[in-house]
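Trainee: Quick one: the structure is below, questions incoming.
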Amino acid sequence: MNRVRTNDRRRSGGGGPRRSQQTSGRRPAAPQGGEFALPKTITPALPAVESFADLDMPARLLAALGHEGVTSPFPIQAATLPNSLAGRDVLGRGRTGSGKTLAFGLALLARTAGQRAEPRRPLALVLVPTRELAQQVTDALAPYARSLGLRSATVVGGMSIGRQAGALRGGAEVVVATPGRLKDLIDRGDCHLGDVAITVLDEADQMTDMGFMPQVTALLDQVRPEGQRMLFSATLDRNVDRLVRRYLTDPVVHSVDPSAGAVTTMEHHVLHVLDTDKHRATTEIAARDGRVIMFLDTKHAVDRLVKHLLNSGVRAAGLHGGKSQPQRTRTLAQFKDGHVTALVATNVAARGIHVDNLDLVVNVDPPSDHKDYLHRGGRTARAGESGSVVTLVTPNQRRDMTRLMASAGITPQVTPVRSGEAELSRITGAQAPSGVPVVIAVPVVERPRRAASGGGSSSRGRRGRSGQGRTGQGAATQQTRTGQGRGTQGGRPAGEAPRRRPRRQSAGGSAA
């Protein structure tokens, strides 16, 4: 007989053993159009609340919400928090910008409050597909974790694994991680998941799309079998269905909107352009007053367009998987503060990036499927704001784009345009660029002067390299420095091997 978790189980340690394979509460119907029917909940869900004050959360957490200006819950938060705070498994579907992070984060923090993690043994885990999303989740939860005295560690690739191992050794109640780097730390013996009682999969569909399914299932098999599981995703395909059936027990199900993610405050435009005019139209859109994210298929195309835009007078920067994590973090910070106005990116930026008041996303290269379209477009019209998604379509792309829009459940406004015309400017704010080349300077961050010392400075210098690109590191939180990319270290370019110094013998025969 399947065990059904009761609503009054308040702490994450309670309950008996969980069966890994569940059959009850699942949909009998076959998937349709790539989606699967949401599972039926056996135990009735608790009703939604109207305010955070109606929730059973610590007073310090409620005070932190007020201090951050978060006054009323979004629909996905109001519906899921009463149940996740009671220990229920949750399956939540909601578009990007719908408030999923606090929907799972507040419950995770509230239920972990008052506990202390042993070294290398976290109590709660959030798995995400990308470094950018990991940093966004960490930043979003940081003030609330501090209010409860909880320590967190961010575990992602592209950063010093030694620093991350050190954070885990110091003890971290909450770990936000990408699957690959977490597996590396586990293989090294620097992390053990046997005490994890609350596990969240955020953007689960992208993790499966990126081929992380074997790693994700291997990690989920290591957490406490009776623990709480929460799965949040913008789309629910058959790969996600496998995770739901295997790891969620009688989940409370909440879907903010259909998987197509239609947002009433978002306009969708398909602009028919000629192959010979597309490059010029793209340049004029990038030169608009205000920020824009432009998506292309490849990192080489991104780099070429950024170079062209900079030479044309547009303050542009690129974001793709070939950039180091400090470079990506610096670029995002410059885009958020307005120093960069055109962010040119591959799909690495399609999820996990939140920029306030961004009102235009442009698909210079149309996405390959409707899920990519929805997540690219999800960078605008977030949290009730308005925005437009524009896709440039050449004649040979029109048929595929029509099919893609139908799959997404979207009826766009289709307009033929040419560069320099008023219609392009009306829809996108396009204008002619200045033509005066610009350079995006790398911010100079003054590094603390190292105190003079005797022997051992060489080894400290080598250890110091692992800290490149980070500052503000707490007892167990790895934060990314937003103001520095490759920079310098100890007078040499970051990443360059230290010059070998001549060995001088002291009186005692040791190296000076």
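The values are calculated or read from the model by the stated rules, or taken from the named source; none is laboratory data. These numbers come from a predicted model, not from an experiment. Counting neighbours? That spans all protein chains shown, and the Cβs are built from the backbone with ideal geometry, glycine included. The protein model used for the area step is the full one, side chains on, heavy atoms only, and it has no ligands, DNA or RNA in it. Shrake-Rupley method; radii C 1.70, N 1.55, O 1.52, S 1.80 Å.
Trainee: Read through the list (1) touching a residue at least 60 places away in the same chain (Cβ under 8 Å); (2) within 17 Å of LEU125 (Cβ to Cβ); (3) hydrophobic (A, V, I, L, M, F, W, C), then give the number of the only condition that VAL175 fails.
Mentor: (1)
Trainee: Taking GLY92 as meeting all but one of (1) modelled with pLDDT of 95 or more; (2) touching a Ser or Thr at 6+ places or on another chain (Cβ under 7 Å); (3) under 21 Å from MET210 (Cα atoms), write down the number of the exception.
Mentor: Exception for GLY92: condition (1).
Trainee: Something else now. So how many residues does the range 291-314 have that are touching a Leu at 6+ places or on another chain (Cβ under 8 Å) and either under 12 Å from VAL362 (Cβ atoms) or charged (D, E, K, R) (or both)?
Mentor: 6
Trainee: Test ALA333 against the criterion of being surrounded by fewer than 20 Cβ atoms within 10 Å (Cβ to Cβ) and within 19 Å of the chain's Cα centre (by Cα), and give yes or no.
Mentor: yes
Let's see how each residue does on (1) in a loop (DSSP other than H, G, I, E, B); (2) open to solvent by 30 Å² or more (accessible area, probe 1.4 Å); (3) modelled with pLDDT of 95 or more; (4) closer than 22 Å to LEU243 by Cβ:
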site: ALA165; (1), (2), (3), (4): no, no, yes, no
site: LEU168; (1), (2), (3), (4): no, no, yes, no
site: ALA172; (1), (2), (3), (4): yes, no, yes, no
site: VAL175; (1), (2), (3), (4): no, no, yes, yes
site: ILE186; (1), (2), (3), (4): no, yes, yes, yes
site: ASP195; (1), (2), (3), (4): yes, yes, yes, yes
site: THR199; (1), (2), (3), (4): no, no, yes, yes
site: ASP205; (1), (2), (3), (4): no, no, no, yes
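Trainee: Can LEU108 be described as touching a helix residue (DSSP H, G or I) at 6+ places or on another chain (Cβ under 9 Å), part of a strand (DSSP E or B) and either in contact (Cβ under 8 Å) with a residue 60 or more places away in the chain or of a type in the set (A, V, I, L, M, F, W, C) (or both)?
Mentor: In short, no.
Trainee: Answer yes if at least one residue in the range 339-357 is crowded, with 23+ Cβ neighbours inside 10 Å, assigned to a helix (DSSP H, G or I) and at pLDDT below 90, and no otherwise.
Mentor: Yes - at least one qualifying residue is present in the range 339-357.
Trainee: Follow-up. For the range 70-90, indicate whether the set of residues that are open to solvent by less than 30 Å² (accessible area, probe 1.4 Å) and aromatic (Phe, Trp, Tyr) is non-empty.
Mentor: The answer is no; no qualifying residue exists.
Trainee: To continue, here is another question. Which of (1) in contact with a helix residue (DSSP H, G or I) (Cβ under 6 Å, 6 or more places away or on another chain); (2) at pLDDT 95 or above; (3) buried (at least 20 other Cβ atoms within 10 Å of the Cβ) does ARG60 not meet, given it meets every other one?
Mentor: The one condition ARG60 does not meet is (3).
Trainee: Restricting the search to the range 177-190, which residues are hydrophobic (A, V, I, L, M, F, W, C) and within 15 Å of ASP221 (Cβ to Cβ)?
Mentor: LEU182, ILE186, listed by residue number.
Trainee: Take the residues of the range 245-264 that are of a type outside the set (Asp, Glu), at pLDDT 65 or above and part of a loop (DSSP other than H, G, I, E, B): which is farthest from the chain's Cα centre (by Cα)?
Mentor: THR249
Trainee: Considering only the range 104-130, state which residues are open to solvent by less than 10 Å² (accessible area, probe 1.4 Å), within 16 Å of ALA204 (Cα to Cα) and either polar (S, T, N, Q) or at pLDDT 95 or above (or both).
Mentor: PHE104, GLY105, LEU125, VAL126, LEU127
Trainee: Tell me, yes or no, whether the range 311-318 has at least one residue that is polar (S, T, N, Q), open to solvent by less than 30 Å² (accessible area, probe 1.4 Å) and more than 23 Å from THR411 (Cα to Cα). Don't jump to the end; show me each part of the working.
Mentor: Applying the first criterion (polar (S, T, N, Q)) to the range 311-318 yields 311-312.
Then drop every residue that is not open to solvent by less than 30 Å² (accessible area, probe 1.4 Å), which leaves 312.
Right, trim to more than 23 Å from THR411 (Cα to Cα) and you get 312.
Within the range 311-318, one or more residues are polar (S, T, N, Q), open to solvent by less than 30 Å² (accessible area, probe 1.4 Å) and more than 23 Å from THR411 (Cα to Cα).
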